[in-house]
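Read-outs: derived from the displayed coordinates by stated rules, not from any lab. Keep in mind the model is a prediction, meaning the values are calculated, not measured. Every residue, glycine as well, gets a Cβ built from its backbone with ideal geometry; the counts of neighbours run over all protein chains shown.
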Amino acid sequence: MSIESQLKGRSCLTLFDYTTEEIRYILDLAKVIKQKHKNKEVYHPLKGKVLGMIFEKSSTRTRVSFETGIYQLGGTGLFLSSKDLQLGRGEPISDTAQVLSGYLDGIMIRTFNQSDVEALAHYGSIPVINGLTDDYHPCQVLADLQTIEEVKGKLEGLTLTYIGDGNNMAHSLMIGAVKMGMHFKTAAPAGYLPNEDIVERAQVIAKENGVTITVTTNPKEAMADTDIVYTDVWASMGQESEQKEREALFKDYQVNTELVSYAKEDYLFLHCLPAHRGEEVTTEVIDGGHSAIFQEAENRLHAQKALMVALMSD
């Protein structure tokens with residue numbers, strides 16, 4: 001069976017779901033789709049398809065890129081706020097999944113609990129795409145991998161360092177990196193490191209692919225000789241009440257001129273956005289010559305279009 005056939009009708013819950021070859025197929029497709037977009041070619045492989053977009057968390061990039069993406073592919077996107085759905089009034093996810101499967105060709109959901117995304121995919125009969133949960137953010141990392149390859153010319157053999165809270169970005173970057181033959185390092189204060197179970201699963205993949213994972217509380221150790229520097233806000237959505245506490249705990253983990261001096265001279269800086277300049281990263285770094293944050297943000301559109309084509313096309 002071809003990789004194209006393997007992907008049709010599948011869901012994207014985490015990057016654990018996909019093999020290295022399947023991720024490579026999506027990235028190659030994203031490259032082709034981006035070029036078609038630049039050439040202003042009409043490309044409608046999802047003509048007549050409808051994507052339902054469920055949002056329990058607010059969004060800029062996810063909302064706009066998915067809604068624009070499905071439209072540019074010839075389909076239609078429906079914005080479905082959890083406040084407007086019966087789901088928000090207590091309807092079981094199993095019922096919602098089965099009902100929406102009768103109306104739609106795919107669902108993108110951006111929510112808090114990973115278990116909700118998994119339940120939606122389990123009870124539904126159409127592809128479900130994880131637009132973000134507290135544990136994973138696979139769509140962002142597909143765009144990140146696309147950006148790294150555009151700038152660096154390759155993925156395999158590079159080292160990606162994530163500095164900051166061991167959150168959904170840390171988890172998905174770790175999985176994506178080792179799946180694609182990249183070394184991964186991360187640093188955070190004790191108590192804020194990535195989930196140990198997820199690290200253990202990723203370590204198995206890293207060993208199979210001949211790469212390493214380093215988890216440390218020392219940001220300079222993590223930054224040493226790295227190719228890609230990545231960070232995220234210290235307090236994600238739902239953690240706003242911890243903002244002041246986290247600012248104190250993470251102050252030594254700010255990505256600034258001094259810290260990036262430990263990286264390779266030609267390091268690439270990425271951030272999933274939104275960013276808090278002056279907190280997790282200084283203006284000098286995020287707006288400096290090593291940064292590709294807006295190229296990265298644009299690639300959300302192209303990577304997600306490729307993902308939708310791979311999963312939802314006939």
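Across every pair of non-identical alpha carbons in the stretch 127-208, the mean reciprocal distance, once inverted, gives a Kirkwood radius of 13.0 Å. Give LYS152/LYS207; LYS179/LYS264; LYS185/LYS220 a once-over and call out the pairs whose C-alpha atoms are over 19 Å from each other. Cα-Cα > 19 Å for LYS152/LYS207; LYS179/LYS264; rest within.
Relative contact order (percent) for the stretch 138-296, with alpha-carbon contacts under 8 angstrom and 6 or more residues of separation? So the answer I get is 24 percent. Close amide H contacts of MET182 (hydrogens built in the peptide plane, cut-off under 5 Å, sequence separation of 5 or more or a different chain): GLY157. Rounded to the nearest whole angstrom, the semi-axes of the ellipsoid equivalent to the chain, taken from the Cα gyration tensor as √(5λ), stand at 31, 22, 18, largest first. Put a plus charge on the Cβ of each Lys and Arg, a minus charge on the Cβ of each Asp and Glu, and nothing anywhere else: the dipole of the stretch 138-296 about its Cα centre is then about 260 debye. Volume per residue of the convex hull around the Cα atoms, evaluated for the stretch 138-296, comes out as 100 Å³. Taking the charge dipole of the stretch 31-174 about its Cα centre, with +1 at Lys and Arg Cβ atoms and -1 at Asp and Glu Cβ atoms, the residue from ALA121, GLY157, ILE70 reaching farthest to the positive side is ILE70.
DSSP H helices in the chain with Cα extent of 24 Å or more along the helix axis and mean Kyte-Doolittle hydropathy at least -0.5?
Numbers: long enough: 20-38 (27 Å, -0.64); 293-312 (28 Å, 0.24).
Qualifying helices: 293-312.
When each of the peptides 113-124, 292-303 is scored by how many other beta carbons lie within 10 Å of its residues on average, the order from highest to lowest is 292-303, 113-124. Summarising the label geometry, the points placed 7 Å from Cα in the beta-carbon direction at THR19 and ALA190 lie 4.3 nm from one another.
Modelled spin labels at LYS8 and LYS36, positioned 7 Å past Cα toward Cβ, are 1.6 nm from each other.
Within the shell of other residues whose beta carbon sits under 12 angstrom from the beta carbon of GLU208, the net charge comes to +3, with Lys and Arg scored +1 and Asp and Glu -1.
Within the shell of other residues whose beta carbon sits under 13 angstrom from the beta carbon of VAL309, the net charge comes to +4, with Lys and Arg scored +1 and Asp and Glu -1.
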